[in-house]
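The values are calculated or read from the model by the stated rules, or taken from the named source; none is laboratory data. Keep in mind that this is a model prediction, so the values were computed, not measured. Don't worry about glycine lacking a Cβ; one is built from the backbone with ideal geometry, like all the others, and counts go over all protein chains shown. Surface areas here come from the heavy atoms of the whole protein model, side chains and all, with no ligands, DNA or RNA. Shrake-Rupley method; radii C 1.70, N 1.55, O 1.52, S 1.80 Å.
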Amino acid sequence: MTPHLLTSAAAQKSAEVTDWAARIGWVVGLLLFIALVYWLMRQGWKWRGTLQNGLPALPTSPDEPGEALLTASGRYHGSTTAGQWLDRIVAQGLGTRSRVELTLTEQGLDVVRPGAADFFVPADALRGARLDKGIAGKVLPEGGLLIVTWTHGGTEIDSGFRSDRAADHPAWVEAINRLSPHHTTSTTEHNGTEGAR
């Protein structure tokens, strides 16, 4: 091997060491960037919670909720200000997505969430229910979400659920609308995702 080729091979080895240092630098920079974005998201979540701190504690299930009209297992996808499908409510744990067990009785809607805060929507707080396709950044096929509209602490809220058996959603809409003393036809015709189309 000529001296020129030996010098060239040594230079290549030296360059490889430099490349590794650059790659490590890029990886560390990327990890720091991801950490910064995550921190900013958490700060935004806390800030939103602070803005919504006027929302009172959620009601809990009564000692004797009565006979179940309907039950379902599925997922809770979040709550928003009614009619504003992207205005997520995070106060009082309403922003936490989770599994859910729903029970509808004459007294109201019992929402049991393993790993998150349970709550109860009294019948007189129900404003109606409808089928929709999106809430709080979660979009599903048309009619894939059961949206329950209710009031709490002077705020009208849309809460989104998806049953493990989505074919049962229409029965839930009918039962909740029948139970709600404030239900009107316009409630079911409202589509919270129109602004996204």
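Things to note:
- Near Leu140, once Lys and Arg are set to +1 and Asp and Glu to -1 for all other residues with Cβ below 12 Å from its Cβ, the sum equals +2.
- Derived scalar couplings ³J(HN,Hα) [segment 130-136; Karplus, 6.51 cos²θ - 1.76 cosθ + 1.60; whole Hz; x for Gly, Pro]: 7, 9, 8, 10, x, 7, 6
- Estimated FRET transfer efficiency when R0 is 45 angstrom, pair His182-Val37 (beta carbons, to 0.05): 0.60
- Simple label model, 7 Å out from Cα along Cβ direction - Ser98 to Leu69, nm: 2.4
- ³J(HN,Hα) computed for each position of segment 143-154 - Karplus, 6.51 cos²θ - 1.76 cosθ + 1.60, integer Hz, glycine/proline x: x, x, 10, 8, 9, 10, 9, 8, 10, 7, x, x
- Remark: segment 63-69, residue by residue, has Karplus-estimated 3J(HN,Hα) of 4, 10, x, x, 6, 6, 8 Hz, where x stands for each Gly or Pro and the curve is 6.51 cos²θ - 1.76 cosθ + 1.60 at θ = phi - 60°.
- Global form of segment 64-171, assessed from the alpha-carbon gyration tensor, a/c cut-off 1.5: rounded
- Percent of C-alpha pairs per 5 Å bin, segment 110-168, short to long: 4, 16, 25, 24, 22, 7, 1
- Full-stretch length increase - Arg23, Thr81 - with 0.36 nm per residue and alpha-carbon distance subtracted: 16.3 nm
- Computed over neighbours whose Cβ is under 14 Å from that of His169, the net charge equals 0, Lys and Arg +1, Asp and Glu -1.
- When Arg165, Arg88 are compared by accessible area of protein heavy atoms, the largest-first order is Arg165, Arg88, using a 1.4 Å probe.
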